[in-house]
Amino acid sequence: MERHRPRRLVLAAFGTLVLASGTALAHGGSLRGEAGTIAVPAWLFLLTGGAAVGASFLLAATVTDRRYIASIDDWHRTLRRFPVAVSRYLAPLLGLVGVGAVLWFGFTGPLAPLRNLAVLVVWVGWWAGFTMTTYLVGNTWRALNPFRALVRWVYTLRPASPREYPQRLGSWPAVVGLLALVFTEVVLPLADDPRLLATAVTGYGLATTVAGLVFGESWFERGDPVSRTFAAFGAVAPLVRSDDGVRLRLPGMGLTDSSVVRDRSDVVFVVTLLWVTTYDGLVTTPLWGDVATTVVEAGVPPLATYLVAYLLGFGVFVGVYELAARLARDTGETFFTPAALGRRFAAPLLAIAAGYHLAHYLSYFVVLSLPLSQVLANPSAPPLNPQRYGLPGFVSGLELAFVLLGHLLAIWVAHSTAYDVFPSRLQAVRSQYPFIGVMVVYTMVSLWIVAAPSLTPPYL
């Protein structure tokens, strides 16, 4: 009987997920989606989602066999190695061609967003579609990154030693850069103005290339916000590159590696990644529209309203997580510092960020993949009225399921991490209480945003 307990627990968790998401019919907007409604009261819908996460923790807590937990975390298969020429030459060339096309058509192509290759490639093909592959399949950005390729080729032509990347900087440049990039995307019409988008890509490209020339590969490992984002998402993916080839593992199990989060700057970066994805959806909700309208009518400039809310929410997300780390020290009755606990339990949040990104951008990618293919076929003379795919009604249910699946995966990773950190079963379970509480809150916020009607943010 004991042998089949984990299997029954997995089935029970899946059943809980189905009950939580199957009755809630909502169309979550991706960037600028369409409005939708929920078939059940909002409070009941959100409470059910939070309860599903809490119940899944109780189910996971009954799995106390350390060997079984380790067998899940450590399972892998080594696949065939890719040819060196693909990752070293062909992939960077593809990246350079891509960024060149974005700049060319961004500055010279049609002004209509749905007819401009630059807009569709950046938002539909890259930020929506490619980002999904980094956590669903594996992170290939290290090979494709055109700016990293330029830096590497410059050092090949003119051999020199770059400056040592200051350890005190950690991932703080990536934190600041990610906050700046997402805020720029929200407040500026980058998805509507191809010229402005090409200018922004040029600015980012110059900045990260110069930094790469100064610090070498270390800049793309720690300081570049885009590279750090894809590397973080890559820890969720089932495929990872290793010295002996490509390794296949169970989804999310890379998050149990302690090297994913190395210091406090990495902790804050993980929380930042979760927050910026949340904020991108938050500003499209009717509640934000009412709040922003009230604040602006009271005399506060619109840009200041968005910025203050952005920084305030960022501070709240970081503060709540660090509070959970301090509380975990008490509930776990351990000598580990809150900082040490915060580092070990931050990685599971990446599963939540991946699940929410998938829910947030799935509809957007599917609907606009048809215009992308039409414009790719003839970028110089795109169709006057690009068509869009229609979505069946069950897609909204999938979006809600992706949010919950991300949180359920995060709970398992946190459970595995706790058993890796603490020798005592009771310590391992009790240390998770504050972090599970934070995950329940994140779950309810994410579900509310995905289920809310999506509107154009006011004053933008």
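Annotations for the structure displayed:
- Complete set of residues in the stretch 206-248 that are in a helix (DSSP H, G or I) and of a type in the set (D, E): E217, E221
- Any pair with Cβ under 8 angstrom, 6 or more apart, that starts in the stretch 372-396 at a residue that is farther than 20 Å from W126 by Cα and modelled with pLDDT under 95 and ends at one that is among the aliphatic types (A, V, I, L, M) and outside any helix (DSSP H, G or I): G393/L25; S396/L25; S396/A26
- Residue count, the stretch 68-118 (criterion: over 30 Å from Y419 (Cβ atoms), in a helix (DSSP H, G or I) and modelled with pLDDT of 80 or more): 24
- Taking first residues from the stretch 132-156 that are under 14 Å from G205 (Cβ atoms) and partners that are open to solvent by less than 50 Å² (accessible area, probe 1.4 Å) and aromatic (F, W, Y), the Cβ contacts under 7 Å between residues at least 6 apart in sequence or on separate chains come to N145/F220; R148/F220.
- So R152, is it part of a helix (DSSP H, G or I), of a type in the set (D, E, K, R) and open to solvent by 30 Å² or more (accessible area, probe 1.4 Å): yes
- Sole residue being within 25 Å of the chain's Cα centre (by Cα) and either surrounded by fewer than 20 Cβ atoms within 10 Å (Cβ to Cβ) or aromatic (F, W, Y) (or both), chosen from G342, G313: G313
- Residue that is farthest from the chain's Cα centre (by Cα), among those in the stretch 257-277 that are among the hydroxyl-bearing types (S, T, Y) and open to solvent by less than 30 Å² (accessible area, probe 1.4 Å): S265
- Pairs where the first residue, in the stretch 308-328, is in a helix (DSSP H, G or I) and the second is surrounded by fewer than 17 Cβ atoms within 10 Å (Cβ to Cβ) and modelled with pLDDT under 95, C-beta under 6 Å, 6+ apart: A325/P338; R326/P338
- Identity of the residue in the stretch 183-194, in a helix (DSSP H, G or I) and out of contact with any helix residue (DSSP H, G or I) (no Cβ under 6 Å at 6 or more places or on another chain), that ends up nearest to G98 (Cα to Cα): E185
- Note on the stretch 280-304: residues that are without any contact (Cβ under 8 Å) to a residue 24 or more places away in the chain and either under 26 Å from the mean Cα position of the chain (by Cα) or part of a helix (DSSP H, G or I) (or both) amount to 6.
- Screening V246 with (1) more than 23 Å from S71 (Cβ to Cβ); (2) more than 20 Å from the chain's Cα centre (by Cα); (3) β-branched (V, I, T) gives one miss only, at (1).
- Count of residues meeting criterion [of a type outside the set (S, T, Y) and either within 24 Å of L255 (Cβ to Cβ) or in contact (Cβ under 8 Å) with a residue 12 or more places away in the chain (or both)] in the stretch 157-166: 3
- Of all residues in the stretch 329-355 being outside any helix (DSSP H, G or I) and not β-branched (V, I, T), the one that is nearest to A180 (Cα to Cα): A347
- Within the stretch 373-460, helices (runs of 4 or more DSSP H) holding 1 or more residues that are among the acidic types (D, E) and open to solvent by less than 50 Å² (accessible area, probe 1.4 Å): 394-421
- First in the stretch 176-188 and hydroxyl-bearing (S, T, Y), second anywhere and open to solvent by 30 Å² or more (accessible area, probe 1.4 Å), Cβ under 9 Å, 6 or more apart: T184/A200
- L311 being at pLDDT below 95, hydrophobic (A, V, I, L, M, F, W, C) and closer than 28 Å to G406 by Cα: no
- Exclusive hit being surrounded by fewer than 19 Cβ atoms within 10 Å (Cβ to Cβ) and more than 23 Å from L206 (Cβ to Cβ), set L93, L103, L79, L114: L79
The values are calculated or read from the model by the stated rules, or taken from the named source; none is laboratory data. The model shown is predicted, which means the values in this text are computed figures rather than measured ones. Positions of Cβ are generated from backbone atoms using ideal geometry, with glycine treated the same way; all protein chains shown enter the neighbour counts. All accessible areas refer to the heavy atoms of the entire protein, side chains included, with ligands and DNA or RNA removed. Shrake-Rupley method; radii C 1.70, N 1.55, O 1.52, S 1.80 Å.
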